[in-house]
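First up is the structure itself, then whatever we jot down about it.
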């Protein structure tokens, strides 16, 4: 009896969840509108007390390690600055002349080392919205706040993005991996189709 042709199946990585693929497709379909919505959401996250890390994860997931890192480095300080400006506009500089002991202790070095103080606060508290509020109600200038925030977030964001990217790759959620899996499945389908055609020709020759 003729033997049906043997198929060598390509090794496939674990298939990602359907919702991950849907996220990538939705982002591609949204185009510039998706980027605009991402920027808007990230920009308002600190002001509205939304978890900013969600947007950092989303940026890496949708646009990859490098672009996600760049977006985080740009958008995180801008989001903090928006929160700072709004709170300052509404509340002024109430804490500049405050006599509360714990406030004075917290802000003791702010006037002498404003940028260094902000960098230290960012290294300790990262994107905590409360830091924006406390500094907005102090006597620090916007320039020093921006420089200290931008400098203080580089290290934590770089470390966070690195581990987020490693987790995404490990779980098979990256856009590149989805494309590779799709290509492998397509190749597997072609091989099955070829094998089925060979089997039909073999049976025809036998009978």
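A simple spin-label model places pseudo-atoms 7 Å from Cα toward Cβ; at residue 128 and residue 35 they are separated by 3.5 nm.
Peptides 76-83, 161-168, 65-72, 54-61 ranked from most to least packed by the mean count of surrounding Cβ atoms within 10 Å: 76-83, 54-61, 65-72, 161-168. Once the Cα-Cα distance is subtracted from the 0.36 nm per residue extended length, the residue 120 to residue 108 segment shows a gain of 3.0 nm.
Were the residues from residue 139 through residue 48 laid out at 0.36 nm apart, the gain over their Cα-Cα distance would be 30.5 nm.
FYI, it's all coordinate maths here, none of it is from the lab. Values in this document were obtained by computation on a predicted structure and should not be read as measured data. Note that we place each Cβ from the backbone using ideal geometry, even for glycine, and neighbour counts take in every protein chain shown.
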